[in-house]
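Participant: One structure is given below, represented as structure tokens, and several questions about it will come after.
Laboratory data are not the source of any read-out in this text; all were calculated from the coordinates shown. These numbers come from a predicted model, not from an experiment. Virtual Cβ from ideal backbone geometry, glycine too; neighbours counted across all protein chains shown.
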Amino acid sequence: MRTKLLIALGTAAVSMAAPVLAHPRLLTATPAANATVAPTDKVRLVFSERLMGPFSGADLTITAKPGAKLTRLPSKAVVQPDGRTLLLSIPTRLAAGTYWLGYHVTSVDTHHVQGSYVFRVR
């Protein structure tokens, strides 16, 4: 009986600790990966965990545009009040072309992840 109780308590402890061991996952992105969208001046990334603003950001690079070369665009990434959304603001609407978005985020439990994807503007 004591062994069963210890096993049950151990299982419960591991189950409760599991969320602490998680890393932030990208849940949704607007524009989405591989999407073709109308011109926009914002990119919104929503994650599974609260983020630390000073350690989270994103970069946007135009990779294909008639007459243009690979260029990193000026932008500002800010964690929104909900703590899970990273909003990338671009000074002007994006012109037609293909864009690469690279992001790096750190959750409040200090787990760091990075990723990237491509989208197109028509």
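Participant: Explain nothing, just the number: dipole magnitude of the range 20-122 about its Cα centre with +1 on each Lys and Arg Cβ and -1 on each Asp and Glu Cβ, in debye rounded to the nearest 20. Write out the running numbers ahead of the final one.
Facilitator: Numbers: 12 positive and 5 negative charges, 87 e Å.
Here the size comes out at about 420 debye.
Participant: A follow-up question, please. Going by amide H atoms built from the backbone, whose H comes under 5 Å of the H on E49, apart from near neighbours?
Facilitator: For E49, whose amide H was placed from the backbone, the distant partners under 5 Å are R25.
Participant: Do you know the relative contact order of the range 61-106, to the nearest whole percent, from alpha carbon pairs under 8 angstrom that are 6+ apart? Display every interim value, and only then the final one.
Facilitator: Working: 53 pairs, mean separation 18.8, N = 46.
Reported relative contact order: 41 percent.
Participant: With each pseudo-label sitting 7 Å past Cα toward Cβ, what's the A35-M52 distance in nm, one decimal?
Facilitator: 3.0 nm
Participant: Now a separate question. Report the relative contact order of the range 22-121, percent, no decimals, based on alpha-carbon pairs under 8 angstrom and at least 6 residues apart. Display every interim value, and only then the final one.
Facilitator: Working: 244 pairs, mean separation 35.2, N = 100.
Here the relative contact order equals 35 percent.
Participant: For each of R93, R122, count neighbouring Cβ atoms within 10 Å of the residue's Cβ, then give the residues from fewest to most. If you can, show how the numbers build up before the last one.
Facilitator: Working: R93 11, R122 8.
Ordered from fewest to most neighbouring Cβ atoms within 10 Å, R93, R122 come out as R122, R93.
Participant: Pop the C-beta distance of T98 and T28 into the FRET formula with R0 = 30 Å and round what comes out to the nearest 0.05.
Facilitator: Working: r = 21 Å, r/R0 = 0.69.
Given R0 = 30 Å and the Cβ-Cβ separation, E is 0.90.
Participant: Which aspartates and glutamates, on any chain, are close to K76 with Cα under 12 Å apart, when same-chain ones fewer than 8 places away are left out?
Facilitator: Straight-distance partners of K76: D41, D59.
Participant: So, one more: Going 7 Å from the Cα of L87 along its beta-carbon direction, which residues of the range 21-65 have the amide nitrogen within less than 12 Å of the resulting point?
Facilitator: What the label zone holds, given the 12 Å backbone N cut-off, is 42-45.
Participant: HN-Hα J couplings of the range 38-55 from phi, Karplus 6.51/-1.76/1.60, θ = phi - 60°, integer Hz, Gly and Pro as x?
Facilitator: Couplings: 6, x, 9, 10, 9, 10, 10, 10, 10, 10, 6, 9, 5, 10, 9, x, x, 10 Hz.
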